[in-house]
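First comes the structure, then the notes that go with it.
The values are calculated or read from the model by the stated rules, or taken from the named source; none is laboratory data. Bear in mind that the values here come from a model prediction, so they are computed numbers and not experimental data. Every residue, glycine among them, receives a Cβ derived from its backbone with ideal geometry; neighbour counts consider all protein chains shown. In case anyone asks, the SASA skips ligands and DNA or RNA and just uses the protein heavy atoms, side chains included. Shrake-Rupley method; radii C 1.70, N 1.55, O 1.52, S 1.80 Å.
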Amino acid sequence: MQHFDILIVGAGHAGAQCAIALRQYGHAGSIAILGDEAELPYERPPLSKEYLAGDKAFERLLIRQPAFWAERNVAMLLGRRVVSVDPAGKTVTDLGGVAVGYGSLVWATGGSPRRLSCAGYDLAGVHAIRTRADVDKLAAELPEAKQVAVIGGGYIGLEAAAVLRKLGKPVVLIEALDRVLARVAGPVLSGFFEDEHRRQGVDLRTGALVEALEGDARVSGVRLQGGETIATDLVVVGIGILPEVASLLDAGATGGNGVAVDRQCRTSLPDVFAAGDCALHVNRWAQDALVRLESVQNANDQASVIAKTLTGQEARYEAAPWFWSNQYDLRLQTIGLSAGHDASVVRGDPATRSFSVVYLKQGRVIALDCVNMTRDYVQGKRLVTEGLSPDPIVLADTAVALKEL
Ligand code: FAD
């Protein structure tokens, strides 16, 4: 049986960063990354942006070139999926029944796309965007597609809609809630992106519940509650992910919607850590609520905390969350978490397509959403990280730079 001092399961952002940081911090023992995709670790954000648009070749998405992993002696066990964990025997077993032993285990498995639960969810022509394979399959069907339906008005659905419009496809976007981005942003930002997508020709429906996907073998329509059927021959579903934690929870790890970790990203199982989209953690930027964050920043920073801990350094995960999204020529940059805000201030006029929204809770700044406004993003970070309480009237005044506050 193969055995590694540190075995990382999941060859994504967190898995790659953990191995990179371990070598950087001087870990001399053996490291392996075991992942179910065929590819070396690659960047996921471009999948719904430049890669879907055909503007970036896959090789440019690789987090590191093949030689990097070889030079640092990081074994890549790819195309293998872990299905069980034995924390007492310190082994994992893959789908083919092959066991691999570990000294420490890093669980970095991200999540798999949530599927629709209605009839027709598995018809041909229904796609998700999580992996390179997903996008390659979608892209292969695109030239023939005459009418695309995107289900889900979160970042991935909106980014996909923007690319599909750029490629000239008619797009209907269907969101169940009464506004897009409802879970991650305030109404001003939602309204701005809704207007923008409509201006770009997206037929955007909010408060629209999907009752069924229709079609014989291939999807031919989306039936909404209320009876309307939207004709379509290609559906992109972007309704969130389910964290990939079943085998860890089966092995006795604490968790639910993710695997629970402490400030050092330790799970409740001995010598088992977790990072990234699958890690349920207490986050000080979410007022100490238990959350899972789905961002490159969170994956990288948690992975680095694990690498530090495993190399005997003091580390705590408390980095301020940041995120970005590109749609059309708009670049959104976010710092902090706006959930739970009780007030917001708009800086600048959304009609100019360059503005920021500052979110406050009990007078303190907890997050910023900046659209084509990198200056506010850079200068406003401190407002969030230091929890400052500027006067909202001054905050709204674009003549006052945020760094002056
Ligand atoms: P992943 O990168 O998903 O890696 C997990 C890996 O583990 C995957 O390869 C998975 O197949 C594998 N795996 C799962 N289960 C097993 C198993 N049992 N055995 C072996 N391998 C397994 N974030 C941003 O900050 N900005 C963005 O603009 C942005 N855009 C995005 C666009 C898209 C289309 C997507 C899908 C995500 C985007 N994200 C963005 C989110 C970001 O990509 C994720 O937060 C990040 O990839 C999380 O890293 P991770 O390592 O936790 O998971």
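Summary table
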item: Burial ranking of peptide ranges 14-20, 288-294 (average Cβ count within 10 Å, highest at the top); result: 14-20, 288-294
item: Taking the chain and dividing mean pair separation by its residue count, relative contact order in percent (alpha carbons under 8 Å, at least six apart); result: 15
item: Solvent-accessible area per residue, Å², over the chain with all protein chains present [probe radius 1.4 Å]; result: 42
item: Projected-area average for region 167-219 over all orientations - Cα convex hull basis, square nanometres; result: 4.8
item: Computed over the chain, Cα set: Rg, Dmax in Å; result: 22.0, 65
item: CD proxy at 222 nm, helix term only [per DSSP H run n ≥ 4: -39500 (n - 2.57); per residue of the chain; nearest 500]; result: -6500 deg cm²/dmol
item: Nearby lysines by direct alpha-carbon distance to K403 (threshold 18 angstrom, same-chain neighbours under 8 apart not counted); result: K381
item: Ordering of 37-45, 104-112 by packing [mean C-beta count within 10 Å, highest first]; result: 104-112, 37-45
item: Rounded to the nearest 20 debye, dipole of the chain from Cβ charges on Lys, Arg, Asp, Glu; result: 560
item: Cα centre as origin, Lys/Arg/Asp/Glu Cβ charges: region 284-405 dipole, Debye; result: 180
item: FRET efficiency, L95 to A399 (Cβ-Cβ, R0 45 Å, nearest 0.05); result: 0.15
item: In sequence order, calculated HN-Hα J values of region 59-69 (Karplus, 6.51, -1.76, 1.60; Hz; x Gly/Pro); result: 4, 7, 8, 4, 5, 9, 6, x, 4, 4, 5
item: Computed Rg/Rh of region 37-189, alpha carbon atoms with Kirkwood Rh; result: 1.03
item: Estimated FRET transfer efficiency when R0 is 30 angstrom, pair E211-V83 (beta carbons, to 0.05); result: 0.30
item: Electrostatic dipole magnitude of region 1-125 [Cβ: Lys, Arg +1; Asp, Glu -1; Cα centre; debye, to 20]; result: 180
item: Spread of Cα-to-Cα distances over 5 Å intervals beginning at zero, given as percent, for region 95-253; result: 2, 8, 16, 20, 17, 13, 8, 6, 5, 3, 1, 0
item: Cross-link reach list, lysines versus K137, counting only Cα pairs under 25 Å and skipping chain neighbours closer than eight places; result: K49, K56, K146, K166, K169
item: L269 accessible area, assembled protein chains, probe 1.4 Å, Å²; result: 20
item: Equivalent ellipsoid dimensions for region 234-319 as semi-axes, Å, which come from the Cα gyration tensor, largest first; result: 22, 16, 12
item: Farthest positive-ward along region 1-59 dipole, Cα basis, beta-carbon charges - from A28, A57, M1; result: A28
item: Share of carbon and sulfur in the accessible heavy-atom surface of the chain [1.4 Å probe, %]; result: 50
item: HN-Hα J in Hz across region 142-156 - Karplus 6.51, -1.76, 1.60, θ = phi - 60°, x for Gly and Pro; result: 4, x, 8, 6, 9, 8, 9, 10, 9, 9, x, x, x, 4, 5
item: Residues N73 and R199, FRET efficiency given R0 of 60 Å [Cβ-Cβ distance, rounded to 0.05]; result: 0.70
item: Spatially proximal lysines relative to K308 (Cα-Cα < 22 Å; intrachain offsets below 8 disregarded); result: K90
